[in-house]
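Enquirer: Below you will find the structure I want to go over with you.
The values are calculated or read from the model by the stated rules, or taken from the named source; none is laboratory data. Keep in mind the model is a prediction, meaning the values are calculated, not measured. A quick note on method: Cβ atoms are made from the backbone with ideal geometry, for glycine too, and the neighbour counts reach across all protein chains shown.
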Amino acid sequence: QKEVEQDPGPLSVPEGAIVSLNCTYSNSAFQYFMWYRQYSRKGPELLMYTYSSGNKEDGRFTAQVDKSSKYISLFIRDSQPSDSATYLCAMSVWGGSQGNLIFGKGTKLSVKP
Amino acid sequence: EAQVTQNPRYLITVTGKKLTVTCSQNMNHEYMSWYRQDPGLGLRQIYYSMNVEVTDKGDVPEGYKVSRKEKRNFPLILESPSPNQTSLYFCASSLWGGSSYEQYFGPGTRLTVT
């Protein structure tokens with residue numbers, strides 16, 4: 001079993017839809033949970049991070065972590081064409097004492113006008 | 001502008017010809033890292049550096065070398081490139097190792113080894 005599993009998609013939704021992106025993981029020691037967004041031909045950029053369990057909201061984006069189920073989610077409300085990108089989940093043991101982030105393979109999202 | 005720069009952006013080379021991909025950041029970050037991104041495999045860490053003269057292996061270090069002689073620079077060296085090192089490479093940095101959940105990525109270097 002891979003440490004981090006993420007459905008690669010692709011996922012295509014109409015503009016305005018609610019998008020749900022998910023990752024599962026196997027290492028119960030993970031404490032930091034991140035979502036990175038990567039536009040085509042660009043490097044990833046941090047979208048949100050959450051420490052331990054719970055929810056975090058930032059504008060149209062909500063990140064959820066359920067450590068009991070080893071499951072994390074990113075919700076995008078009122079999706080826009082500009083949200084079209086690949087979304088990567090990433091995790092680390094704590095802040096990355098060894099600087100080691102484990103990434104999912106990424107989900108490619110397309111939001112159609 | 002705060003940024004991570006990589007050079008070259010695109011490189012085609014032949015098997016066995018040594019090459020260096022440079023990485024530089026202007027944010028005074030302590031932590032720097034190299035990743036490769038391959039279809040179906042995602043982003044995987046090659047090497048990282050917690051500070052000057054402190055480097056360590058990531059998940060896929062075979063065939064690569066790094067050095068950290070200055071805080072701002074973290075070059076990736078392929079002593080004898082092979083076709084299985086054809087990939088998209090990213091350099092990243094963060095303020096310090098404890099904040100490596102927030103990494104700033106460079107634009108990427110697409111390497112083809114024939």
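Enquirer: Of the conditions (1) hydroxyl-bearing (Ser, Thr, Tyr); (2) more than 14 Å from chain A (Cβ to nearest Cβ); (3) in a strand (DSSP E or B), B:Ser80 fails just one. Which one is it?
Expert: (3)
Enquirer: Further, regarding this structure: Give the residue, chosen from B:Pro75, B:Pro81, that is under 15 Å from the mean Cα position of the chain (by Cα), more than 24 Å from A:Gln38 (Cα to Cα) and modelled with pLDDT of 95 or more.
Expert: Residue meeting the stated conditions: B:Pro81.
Enquirer: For the condition away from chain B (no Cβ under 14 Å) and assigned to a loop (DSSP other than H, G, I, E, B), what is the one hit in A:Ser20, A:Ser28, A:Ser12? Break it down stepwise before answering.
Expert: On the way: A:Ser20 fails: assigned to a loop (DSSP other than H, G, I, E, B); A:Ser12 fails: assigned to a loop (DSSP other than H, G, I, E, B).
Answer to the check: A:Ser28.
Enquirer: Would you please list the contacts, defined by Cβ atoms under 9 Å and residues six or more apart or on different chains, that run from a residue in the range B:102-114 that is of a type in the set (Phe, Trp, Tyr) to a residue that is outside any strand (DSSP E or B) and crowded, with 17+ Cβ neighbours inside 10 Å?
Expert: B:Tyr104/A:Gly43; B:Tyr104/B:His29; B:Phe105/A:Gly43; B:Phe105/A:Pro44
Enquirer: Scanning the range B:15-67 for residues that are among the acidic types (Asp, Glu) and part of a strand (DSSP E or B), which turns out nearest to A:Thr86 (Cα to Cα)?
Expert: Kept after step one, since they are among the acidic types (Asp, Glu), are these residues of the range B:15-67: B:30, B:38, B:53, B:56, B:59, B:62.
Those left that are additionally part of a strand (DSSP E or B): B:38, B:56.
Numbers: B:Asp38: 14, B:Asp56: 28 Å.
Once the filter is applied, the top-ranked residue is B:Asp38.
Enquirer: For A:Arg41, only one of the following conditions fails: (1) exposed (fewer than 14 other Cβ atoms within 10 Å of the Cβ); (2) more than 10 Å from every other protein chain (Cβ to nearest Cβ). What is its number?
Expert: (2)
Enquirer: Within the range B:95-114, track down each residue that is of a type in the set (S, T, N, Q) and at the interface with another protein chain (Cβ under 8 Å from one of its Cβ atoms). Even if it seems obvious, please write down each step before you answer.
Expert: So in the range B:95-114, the residues of a type in the set (S, T, N, Q) come out as B:99-100, B:103, B:109, B:112, B:114.
Hits for the range B:95-114 are B:Ser99, B:Ser100, B:Gln103.
Enquirer: Step by step: first the residues of the range B:47-65, then only those that are under 19 Å from A:Phe103 (Cβ atoms) and within 11 Å of chain A (Cβ to nearest Cβ), then the one that is surrounded by the most Cβ atoms within 10 Å (Cβ to Cβ). Which residue is that?
Expert: Checked the range B:47-65; the qualifying residue surrounded by the most Cβ atoms within 10 Å (Cβ to Cβ) is B:Tyr48.
Enquirer: Within the range B:18-37, can you find the residues that are over 14 Å from the mean Cα position of the chain (by Cα) and within 11 Å of another protein chain (Cβ to nearest Cβ)? I'd like the intermediate steps shown before the answer.
Expert: Let us first name the residues in the range B:18-37 that are over 14 Å from the mean Cα position of the chain (by Cα), namely B:18, B:26-30.
Matches in the range B:18-37: B:Glu30 only.
Enquirer: Residue under question is B:Thr109, and the condition is that it be under 26 Å from A:Ser40 (Cα atoms), crowded, with 20+ Cβ neighbours inside 10 Å, β-branched (Val, Ile, Thr) and under 15 Å from the mean Cα position of the chain (by Cα); does it hold?
Expert: Values: under 26 Å from A:Ser40 (Cα atoms): yes; crowded, with 20+ Cβ neighbours inside 10 Å: yes; β-branched (Val, Ile, Thr): yes; under 15 Å from the mean Cα position of the chain (by Cα): yes.
Taking the combined requirement at face value, the residue satisfies it.
Enquirer: Then there's this: Just checking, which of B:Ser24, B:Ser100, B:Ser49 is at pLDDT below 95 and over 30 Å from A:Asp7 (Cα atoms)?
Expert: Details: B:Ser24 fails: at pLDDT below 95; B:Ser100 fails: over 30 Å from A:Asp7 (Cα atoms).
Among B:Ser24, B:Ser100, B:Ser49, only B:Ser49 is at pLDDT below 95 and over 30 Å from A:Asp7 (Cα atoms).
Enquirer: Would you please name the residue that is surrounded by the fewest Cβ atoms within 10 Å (Cβ to Cβ), looking only at residues in the range A:54-113 that are away from every other protein chain (no Cβ under 12 Å), within 18 Å of A:Arg37 (Cα to Cα) and among the basic types (Lys, Arg)?
Expert: Selected residue: A:Lys112.
Enquirer: If the Cβ limit is 9 Å and pairs must be 6+ apart or interchain, which residue in the range B:1-22 that is without any contact (Cβ under 8 Å) to a residue 60 or more places away in the chain pairs with which residue that is in a loop (DSSP other than H, G, I, E, B) and surrounded by 11 or more Cβ atoms within 10 Å (Cβ to Cβ)?
Expert: B:Glu1/B:Asn26; B:Thr20/B:Pro75; B:Thr22/B:Pro8; B:Thr22/B:Phe74; B:Thr22/B:Pro75
Enquirer: Given the options A:Ser110, A:Ser79, name the one that is in contact with a Lys or Arg (Cβ under 9 Å, 6 or more places away or on another chain) and hydroxyl-bearing (Ser, Thr, Tyr).
Expert: Numbers: A:Ser110 fails: in contact with a Lys or Arg (Cβ under 9 Å, 6 or more places away or on another chain).
Just a single option satisfies the conditions, and that option is A:Ser79.
Enquirer: With A:Leu11, A:Leu46, A:Leu88, A:Leu21 as the choices, which residue is without any contact (Cβ under 8 Å) to a residue 40 or more places away in the chain and either of a type outside the set (Gly, Ala, Ser) or in contact with a Leu (Cβ under 6 Å, 6 or more places away or on another chain) (or both)? It would help to see each step written out before you state the result.
Expert: On the way: A:Leu11 fails: without any contact (Cβ under 8 Å) to a residue 40 or more places away in the chain; A:Leu88 fails: without any contact (Cβ under 8 Å) to a residue 40 or more places away in the chain; A:Leu21 fails: without any contact (Cβ under 8 Å) to a residue 40 or more places away in the chain.
On inspection, the qualifying residue turns out to be A:Leu46.
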